[in-house]
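S.K.: Handing you this structure, nothing more for now.
Every read-out reported here was derived from the displayed coordinates using simple, explicitly stated rules and does not represent laboratory data. Remember, it's a predicted structure, so these values are computed and weren't measured experimentally. When we count neighbours, we look across all protein chains shown, and the Cβ atoms used for this are built from the backbone with ideal geometry, even at glycine.
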Amino acid sequence: MTPKRKQRLMMVCLMLCGVGVAVAFGVNAFKQNIMLFHSPSDVAAGAVKPGQPFRVGGMVIDGSVKRSSEDLAVTFELTDHAKNIPVSFTGILPDLFREGQGIVAMGAIDEEGTFIASEVLAKHDENYMPPEVAEALEKAGKMPGTRANFDSKTVQP
Amino acid sequence: MSELMDFLSMGGYAFYVWTSYALTTIILLGIVIWSSRQLKQSRTQAIRRAQQHRKR
Amino acid sequence: MYRFADRLAPWLAGLCVLCLVAGLYLGLVVAPADYEQGDSYRIIYIHVPAAWMSMFVYVVMATSSAVFLIWRLKIADMVALASAPIGAAFTAVALLTGSFWGKPMWGTWWIWDARLTSELLLLFLYLGYLALRGALETPQSASKAAAILAIVGVVNIPIIHFSVEWWNTLHQPATITKFDKPSMHISMLRPLLLMVLAFQLLYFHNLMVRVRALILQRENRASWVAELAEKNHV
């Protein structure tokens, strides 16, 4: 390798390191903004004020979904396996919305601590299988968990 | 016949599934056709240049 | 090199079509519906291969740009230039199909989560690279400037890949992380791998077509180019 080429190689490496470090710092500084949603634990810790719009994400607790008989109003509770938050929403829910499923809701908390959602999005996991296989796994109690857990990435205020 | 209809309806997601596949076909086929046209063009140009060169 | 590429091309194309037909048949007809998402998950057979290729092509582009900057190999510059439009096409496919998957499943066409945003940034990197090559007057300086952009942009690749692990996103984590235990049933996984292979072959075939065109354009004064062009393809 000629000295000139060696020098160019060093230049390219230095450039990459520089940009990499800069981006790492930048991304770290804006961590809160990059997070798409807060967890119920964040909300319980007072990360957001009442009335301030934000997104909350968590699992819909089994048996907590209550639908109104007259209109499209629905209430349910979200959990990150540490804290829960009650949510109320009026509108059409996505196809994947069901108990035990992860969801992300946009809205704000009111004075009583209920999250009033204006939009509800379903979050699906990375597992794909035919219905028969899912049934069999369910019976055996071996349903695979998702790595998209809601409790590992909390943002403290 | 009903099997074909079942297949085409994609369990009610026909619009989303088939639009995705159609868009993908258009984009990928587009780039394949564009690339082969460029190669053909470059070939004819190279041949023309060679012939001109020989005349001189 | 050029002649080798010429011979290899039909084989690559044939194998690509074979994988494509097999993958589509197994994926759309044979594979069962998903237990939660029904038939809508079948978009995965184009979405995931396109998304993988969008990153793979970028790594090829950045690597050959670095090789060009250091060793001044003209062929490396051509590989980078030829890859950019193909990579942009794969990125566009990944974004569009993702959108058509997100609407029925998540309930939205688009959301500014870390995965989607960084993939959109990748599309802009490809387009910026192409614009830079077109904008600068002298081909020499355009090659160098674009190569630097390609190398700097490569930091976005790990960000795309790890975005779903580092931050809260609506996008789910990767399905295939290790080959011993993917989170997908084998009947659904097989067509996916075939489609990945098909997209990979499509890229290499297309890349070679574009690089051959660039060689013919740039080496127009070399006598072997003229000879070859006359002999083989009149």
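S.K.: Within a 10 angstrom radius of the beta carbon, how do C:96, A:14 rank from fewest other beta carbons to most?
M.R.: Exposure proxy ranking, most exposed first: A:14, C:96.
S.K.: From the phi angles alone, apply the Karplus equation (6.51, -1.76, 1.60; θ = phi - 60°) to the stretch A:38-43 and give each ³J(HN,Hα) in whole Hz, x where the residue is Gly or Pro.
M.R.: For the stretch A:38-43, the Karplus curve yields 8, 8, x, 5, 4, 5 Hz.
S.K.: Can I ask one more? Can you tell me what the convex hull of the Cα atoms of chain C projects to on average, as an area in nm²?
M.R.: Averaged projected area of chain C's Cα convex hull equals 14.9 nm².
S.K.: List the aspartates and glutamates whose alpha-carbon lies under 20 Å from that of residue C:74, not counting same-chain residues fewer than 8 positions away?
M.R.: Cα-Cα hits under 20 Å: C:6, C:137, C:219.
S.K.: Right, next: Would you grab the residues whose amide H sits under 5 Å from the one on residue A:123? Only those 5+ places off in sequence or on another chain, please, with H modelled 1.01 Å from N.
M.R.: Here the answer is A:102, A:103, A:104, since their amide H atoms fall under 5 Å of that of residue A:123.
S.K.: Residue A:70 versus residue A:23, label points 7 Å from Cα toward the beta carbon: distance in nm?
M.R.: 5.4
S.K.: What is the Cα radius of gyration of chain B over 2.2 N^0.38 Å, N being its residue count?
M.R.: 2.19
S.K.: While we're here: What's the average, rounded to a whole number, of partner chain beta-carbon atoms within 10 Å of each residue's beta-carbon in A:26-37?
M.R.: The per-residue average across the peptide is 4.
S.K.: So, by mean Cβ neighbours within 10 angstrom, what's the order for A:109-120, C:81-92 with the highest one leading?
M.R.: Most protected by this proxy first, the peptides run C:81-92, A:109-120.
S.K.: Here is a further query. Give the long-range amide H neighbours of residue C:184: residues separated by 5 or more places, or on another chain, with amide H under 5 Å away, using H modelled in the peptide plane at 1.01 Å from N.
M.R.: Here A:128 satisfy the definition.
S.K.: What is the gain in length, in nm to one decimal, between residue A:4 and residue A:61 on full extension, counting 0.36 nm per residue of separation less the C-alpha to C-alpha distance?
M.R.: 14.1 nm is the gain from fully extending residue A:4 to residue A:61.
S.K.: Using the 2.2 N^0.38 Å rule of thumb for compact globular proteins, work out how the stretch C:1-87 stacks up: its C-alpha Rg over that value, please.
M.R.: 1.48
S.K.: Report the per residue volume, in Å³, of the convex hull enclosing the C-alpha atoms of the protein assembly as shown.
M.R.: Value for the protein assembly as shown: 186 Å³ per residue.
S.K.: Can you sort A:13, C:19 so the residue with the fewest Cβ neighbours within 10 Å comes first?
M.R.: A:13, C:19
S.K.: Among B:34, C:106, which comes first, second and so on when ranked by fewest other beta-carbon atoms within 10 Å?
M.R.: By the 10 Å Cβ count, ascending, the order reads B:34, C:106.
S.K.: For the stretch A:36-140, what is the largest minus smallest coordinate of the Cα atoms on each principal axis, given in angstrom and ordered from greatest to least?
M.R.: That works out to 45, 34, 21 Å along the principal axes.
S.K.: Using amide H atoms built in the peptide plane, which far-off residues or other-chain residues are under 5 Å from residue C:36 H to H?
M.R.: Amide H neighbours of residue C:36, under 5 Å, 5+ apart: A:129.
S.K.: Take the residue pairs A:4/B:40; A:49/A:83; A:6/C:144; A:66/A:139; A:6/A:31 and return only those whose Cα atoms are more than 29 Å apart.
M.R.: Those over the limit are A:4/B:40; A:6/A:31.
S.K.: In sequence order, what are the phi-derived ³J(HN,Hα) couplings for the stretch C:50-57 according to the Karplus relation 6.51 cos²θ - 1.76 cosθ + 1.60 with θ = phi - 60°, rounded to whole Hz, with x for glycine and proline?
M.R.: Coupling constants for the stretch C:50-57: 5, 5, 4, 5, 4, 7, 4, 4 Hz.
S.K.: What are the ³J(HN,Hα) values, in whole Hz, obtained from phi via the Karplus relation 6.51 cos²θ - 1.76 cosθ + 1.60 with θ = phi - 60°, for each residue of the stretch C:150-161 in sequence order, with x given for Gly and Pro?
M.R.: Running phi through 6.51 cos²θ - 1.76 cosθ + 1.60 with θ = phi - 60° gives 4, 5, 4, x, 5, 5, 5, 5, x, 5, 4, 4 Hz.
S.K.: How well do other chains shield peptide C:142-153, expressed as the mean number of their Cβ atoms within 10 Å of each residue Cβ?
M.R.: Average neighbour count from other chains, rounded to a whole number: 1.
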